[in-house]
Amino acid sequence: MPTQLQDFFDLPTPTGPMRVHRFAPKDLPLRPAVILYSEIYQVTGPIRRLAGRLAGEGFEVLVPEVYHEYEQPGTVLAYDPAGTERGNFLKIEKPVPAFDSDAAALLDWVFARPTYPWRAVGTWGFCLGGHLAFRAALDPRVAAATCFYATDLHTASLGKGKCDDTLARVRETQAELLLIWGRQDPHVPLSGRKAIYDALTAAETSFQWHEFNGAHAFSRDEGPRYDSAASRLGFALALELFHRRLTVPR
């Protein structure tokens with residue numbers, strides 16, 4: 001893997017400064033930016049390794065701390081019952097407009113740079129982050145979104161009050177969506193996947209759909225659920241989408 005630049009910056013948002021971790025290649029021509037949304041645990045080891053892997057393909061990868069209003073900068077929740085409880089609490093404590101203003105602030109930052117020569121940005125996310133990647137793609141500046149086992153889409157239960165409108169607004173997106181699921185994922189059962197598929201089809205959305213025989217979080221590269229073969233295939237699909245949809249200069 002090429003030598004990489006890894007740093008972070010604190011981005012002003014309407015709800016306070018948001019730490020954004022940046023991964024970029026030093027030895028390859030820079031390609032467009034991809035916003036990588038984490039699971040409920042924020043910027044964990046698996047998320048950092050994935051960001052580095054994508055940066056190794058030449059992309060600038062931006063990973064925001066999604067709970068910046070509630071946790072100190074740099075906070076990582078553990079993959080244990082306490083971390084899971086905290087992460088699940090915060091995803092329904094934070095109002096949906098705050099998730100939206102975070103996305104808008106980061107997109108504004110990307111395109112405000114005179115050195116950014118591209119027309120679009122991509123998004124990629126896992127679990128909670130899959131939903132956030134999908135929702136961020138309602139912004140026309142996002143041309144491609146990869147969503148791994150996106151939670152709360154079919155139940156419309158993201159954010160304060162557990163009443164989001166993400167799937168209901170799918171006709172607004174101009175992005176091509178790549179949705180990847182685990183068939184043994186209890187958080188998005190067959191009925192939920194069918195509801196999402198039917199909504200995307202009815203809206204005539206441009207999307208790809210792939211299901212693997214895997215559990216929730218099958219692409220997290222630590223723990224017993226990890227499926228390396230399915231994860232490699234999913235990464236290849238995401239990379240193809242980002243290369244095809246994003247690498248067009250202004």
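One table, with the values for the structure above:
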quantity: Filter result for residue 103 (surrounded by fewer than 17 Cβ atoms within 10 Å (Cβ to Cβ) and within 21 Å of residue 148 (Cα to Cα)); calculated: no
quantity: Matching helices (runs of 4 or more DSSP H) fully within the range 28-125 where at least 1 residues are under 23 Å from residue 169 (Cβ atoms) and of a type in the set (Ser, Thr, Tyr); calculated: 96-112
quantity: Qualifying residue in the range 153-163 (condition: without any contact (Cβ under 8 Å) to a residue 60 or more places away in the chain, surrounded by fewer than 19 Cβ atoms within 10 Å (Cβ to Cβ), over 22 Å from residue 59 (Cα atoms) and polar (S, T, N, Q)); calculated: yes
quantity: Residue in the range 43-64 that is touching a strand residue (DSSP E or B) at 6+ places or on another chain (Cβ under 7 Å), surrounded by 17 or more Cβ atoms within 10 Å (Cβ to Cβ) and among the polar types (S, T, N, Q) present; calculated: no
quantity: Hits in the range 201-232 - residues which are of a type in the set (Phe, Trp, Tyr) and either assigned to a helix (DSSP H, G or I) or touching a residue at least 60 places away in the same chain (Cβ under 8 Å) (or both); calculated: 218
quantity: One residue from 93, 85, 71 being of a type outside the set (Val, Ile, Thr), within 23 Å of residue 160 (Cα to Cα) and touching a Phe, Trp or Tyr at 6+ places or on another chain (Cβ under 8 Å); calculated: 93
quantity: Count of the range 126-150 residues which are surrounded by 24 or more Cβ atoms within 10 Å (Cβ to Cβ) and in a loop (DSSP other than H, G, I, E, B); calculated: 4
quantity: Search result, residues across the range 57-74 that are at positive phi and modelled with pLDDT of 95 or more; calculated: 74
quantity: Criterion violated by residue 77 - all others in (1) loosely packed, with under 15 Cβ neighbours inside 10 Å; (2) at pLDDT 95 or above satisfied; calculated: (1)
quantity: Test: residue 112 is surrounded by fewer than 17 Cβ atoms within 10 Å (Cβ to Cβ), aliphatic (A, V, I, L, M) and more than 13 Å from the chain's Cα centre (by Cα); calculated: yes
quantity: Members of the range 207-229 found to be of a type outside the set (D, E, K, R) and over 18 Å from the mean Cα position of the chain (by Cα), listed by number; calculated: 212, 213, 214, 215, 223, 224, 226, 228, 229
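The values are calculated or read from the model by the stated rules, or taken from the named source; none is laboratory data. Just so it is clear, the model here is predicted, and its values are computed rather than measured. Counting neighbours? That spans all protein chains shown, and the Cβs are built from the backbone with ideal geometry, glycine included.
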